[in-house]
Amino acid sequence: MMPWAPPDLTSEQVQKIGQLQTESEARNRGLMQQGWETQARLNGLYTADKRDWNAIRTASRALFDLQRQQMDAMLDMQQKIDGLLTDSQRQEMARAWRGYGWMGAN
């Protein structure tokens with residue numbers, strides 16, 4: 001369970017949120033692997049004796065696209081979790097995380 005979760009989750013909410021997290025991790029595993037491979041390719045392009053700037057731009061765009069896909073997936077999961085919460089649970093979450101995002105402290 002998430003450390004930031006409201007303490008009054010029902011067992012059904014806990015189960016559904018856990019399922020959403022498991023599904024999200026499975027989807028993101030492939031994106032993460034692709035990101036590592038793209039980053040390695042980009043690193044190789046930067047360390048080449050003669051840099052191919054168009055290839056660097058293409059690899060950079062591919063990496064940024066993978067990062068955007070991961071962010072979109074995270075936002076989708078957060079939205080689904082938010083839909084499982086009651087109004088009071090959402091308010092409690094907002095109070096607890098005021099000044100913080102899902103990604104951590106500002």
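Each row is one residue, and each column tells you yes or no for (1) among the hydrophobic types (A, V, I, L, M, F, W, C); (2) in contact with a strand residue (DSSP E or B) (Cβ under 9 Å, 6 or more places away or on another chain); (3) assigned to a loop (DSSP other than H, G, I, E, B); (4) loosely packed, with under 12 Cβ neighbours inside 10 Å.
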residue: Leu9; (1), (2), (3), (4): yes, no, yes, no
residue: Glu12; (1), (2), (3), (4): no, no, no, yes
residue: Gly18; (1), (2), (3), (4): no, no, no, no
residue: Gly30; (1), (2), (3), (4): no, no, no, yes
residue: Glu37; (1), (2), (3), (4): no, no, no, no
residue: Asp65; (1), (2), (3), (4): no, no, no, no
residue: Asp76; (1), (2), (3), (4): no, no, no, no
residue: Arg90; (1), (2), (3), (4): no, no, no, no
residue: Ala94; (1), (2), (3), (4): yes, no, no, yes
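With (1) in a helix (DSSP H, G or I); (2) modelled with pLDDT under 90 as the list, and Thr58 as the residue in question, which single condition is left unmet?
Exception for Thr58: condition (2).
With the structure loaded, tell me whether Arg41 is surrounded by fewer than 14 Cβ atoms within 10 Å (Cβ to Cβ) and among the basic types (Lys, Arg) or whether it fails that test. Steps first, answer last, please.
On the way: surrounded by fewer than 14 Cβ atoms within 10 Å (Cβ to Cβ): no; among the basic types (Lys, Arg): yes.
Here the answer is no, as Arg41 does not meet what is asked.
Search region 47-59 for residues being of a type outside the set (Val, Ile, Thr) and surrounded by 14 or more Cβ atoms within 10 Å (Cβ to Cβ), and hand back the single one that is farthest from Glu25 (Cα to Cα). Explain how you work it out, then say what you get.
As a first pass, look at region 47-59 and keep what is of a type outside the set (Val, Ile, Thr): 48-55, 57, 59.
Those still in the list that are surrounded by 14 or more Cβ atoms within 10 Å (Cβ to Cβ) too: 55, 59.
Working: Ala55: 30, Ala59: 24 Å.
Filtering first and then ranking leaves Ala55.
Tell me the residue from Glu92, Glu23 that is out of contact with any Gly (no Cβ under 7 Å at 6 or more places or on another chain) and at pLDDT 90 or above, please.
On the way: Glu92 fails: at pLDDT 90 or above.
Result: Glu23 is the single residue among Glu92, Glu23 that is out of contact with any Gly (no Cβ under 7 Å at 6 or more places or on another chain) and at pLDDT 90 or above.
The values are calculated or read from the model by the stated rules, or taken from the named source; none is laboratory data. Worth saying up front: this structure is predicted, and the values here are computed from it rather than measured. A quick note on method: Cβ atoms are made from the backbone with ideal geometry, for glycine too, and the neighbour counts reach across all protein chains shown.
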